Amino acid sequence: MDVTRTSSRSRPLRWLVVLVAAVALVGCQDRAEPAAKSGTGELRTDPEPLVERFPVLAALEGARWMSGTFGRADVPGPSTYWIDAVVTLPAAEVERVRSACAPADEGRAPDVVAGLRAELPGGPFLTGDALDAAFDHERWHVSAFLDPKSARLVLIATGT
């Protein structure tokens, strides 16, 4: 009997073991690093796309923002999008947001993409769950950071 040959019955099992091991290895690699933000690198100033996604920003006076997708473009499947934005609000809107959301200085600072960091106000930033929820819309989740001294709001948004 030739021991180097495998029976046709053991081949499917062997392939299953190899497949499970490969999936487990890929799954471990995905957990080791969070998906990176990728995009064109364009610093945008047009407010319309922001207001379309976040209608509560209708009163904004100015915006600087960047966007893109998470992960690698060469991997097929549905995309998760990101937007990092620094928007300027009218003073009355800043007070309305503070009154409605009661954000607090929790010592947090926004972590935006490198191309937008020069646009960040100095802080300290007011944050909180109610502030985040005020800017969530449809399939977009937002982490919001308000700098009332500069009347700027920083949004870090993720959506599908």
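The values are calculated or read from the model by the stated rules, or taken from the named source; none is laboratory data. If you're wondering where the values come from, they're calculated on a predicted model, not measured in any experiment. Please note: Cβ atoms are built from the backbone with ideal geometry, for glycine as well, and neighbour counts cover all protein chains shown. Ligands, DNA and RNA are stripped out before the accessible areas are found, and what is left, the full protein with its side chains, is counted by its heavy atoms. Shrake-Rupley method; radii C 1.70, N 1.55, O 1.52, S 1.80 Å.
For the range 115-143, the set of residues classified as outside any loop (DSSP other than H, G, I, E, B), touching a strand residue (DSSP E or B) at 6+ places or on another chain (Cβ under 6 Å) and free of Cβ contacts under 8 Å to residues at least 40 places away in the same chain consists of Leu126, Thr127, Leu131, Asp132, His141, Ser143, listed by residue number. If you check Arg152 against the conditions, is it surrounded by fewer than 15 Cβ atoms within 10 Å (Cβ to Cβ) and of a type outside the set (Asp, Glu)? So Arg152 fails the test. Can you say whether His141 is open to solvent by 50 Å² or more (accessible area, probe 1.4 Å), at pLDDT 95 or above, within 16 Å of the chain's Cα centre (by Cα) and not acidic (Asp, Glu), as far as the supplied structure shows? Spelling it out, His141 is indeed open to solvent by 50 Å² or more (accessible area, probe 1.4 Å), at pLDDT 95 or above, within 16 Å of the chain's Cα centre (by Cα) and not acidic (Asp, Glu). If you go through the range 96-126 and pick out every residue that is in contact with a Gly (Cβ under 9 Å, 6 or more places away or on another chain) and of a type in the set (Ser, Thr, Tyr), you end up with 0.
Take residues that are modelled with pLDDT under 95 and among the β-branched types (Val, Ile, Thr) and tell me which of the strands (runs of 3 or more DSSP E) falling wholly in the range 18-99 contain 1 or more. Result: 62-70.
In this structure, is Val112 among the β-branched types (Val, Ile, Thr), at pLDDT 95 or above, open to solvent by less than 70 Å² (accessible area, probe 1.4 Å) and part of a loop (DSSP other than H, G, I, E, B)? Answer is yes for this residue. Taking (1) surrounded by fewer than 20 Cβ atoms within 10 Å (Cβ to Cβ); (2) of a type outside the set (Phe, Trp, Tyr); (3) free of Cβ contacts under 8 Å to residues at least 60 places away in the same chain in turn, Val56 satisfies each apart from (3).
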